[in-house]
Amino acid sequence: MGQMNRRKQLKKERKAREKRLEHRQQQAPLAYTGRKYHTEALVPLHLATETAIFAADLACDGELTDRQVRRAVERLIIDIRRGVPPAPNELPGEMVYRQGEEEKLLIDHIRSRYYDFFQTEPDPGRDNLIGVLRSVLASIDVRTSINAQSRGYLEFLEDFLARAGVSVEVKDVPCEPEQLR
């Protein structure tokens, strides 16, 4: 009987360990503050990512918040870790901005930009891609305030891209107003 209790205890411990690991994987997309992903080789990927974020903000008439960007980037990291390709297999169709779906629009913009990027640049690999996205999270953390409507990162990004000589043109993105209930 002692051996039966021991097996139950081991099983219980294994399940607890698995649960902790699952929780850790869900929490893992924390910002990366090191310099590992700030290399010359990854500059084009950083630029593609941040240009997509800026384009999404323009498509939303400058109404995005840093929190929305953070959640969208975290979602993208989780998706990539689960095996979802970072870019679509074909050029995405029309992107529609719907109030309340800003994070989806952000992810669509990033994936679309990655589609274009992968047409001319070699695939940087899953780890580098996630590393760059985690570096973007660190940049958001540094530049955002506690205010829920903070746009510190987005304002920095606009200025940074302008100083870098990057111009972003956004085609008219259909906007569907919030539906009345």
Positive dipole terminus of the range 44-154, leading residue within Thr49, Gln119, Leu129 (C-beta point charges): Leu129
Computed E for Arg81/Asn147 - FRET, C-beta separation, R0 45 angstrom, nearest 0.05: 0.90
Using a ≥ b ≥ c from the Cα gyration tensor of the range 95-153 (square roots of the eigenvalues), is it rounded, prolate or oblate, where a/c under 1.5 gives rounded and otherwise the larger of a/b and b/c decides, a/b for prolate? oblate
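As a footprinting exposure proxy, order Lys12, Lys104 by other Cβ within 10 Å, with the fewest listed first.
Lowest to highest Cβ neighbour count: Lys12, Lys104.
Give, in nm to one decimal, the length gained when the segment between Arg35 and Ser167 is fully stretched (0.36 nm per residue of separation minus the Cα-Cα distance).
Stretched out fully, the Arg35 to Ser167 stretch lengthens by 44.9 nm.
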Assign one of three labels to the range 49-149, namely rounded, prolate or oblate, based on the Cα gyration tensor with a ≥ b ≥ c the square roots of its eigenvalues; rounded applies when a/c is under 1.5, prolate when it is not and a/b is larger than b/c, and oblate otherwise. oblate
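Every read-out reported here was derived from the displayed coordinates using simple, explicitly stated rules and does not represent laboratory data. All values derive from a computational prediction rather than experimental measurement. Methodologically, a virtual Cβ is constructed for each residue, glycine included, from the backbone with ideal geometry; neighbour enumeration extends over all protein chains shown.
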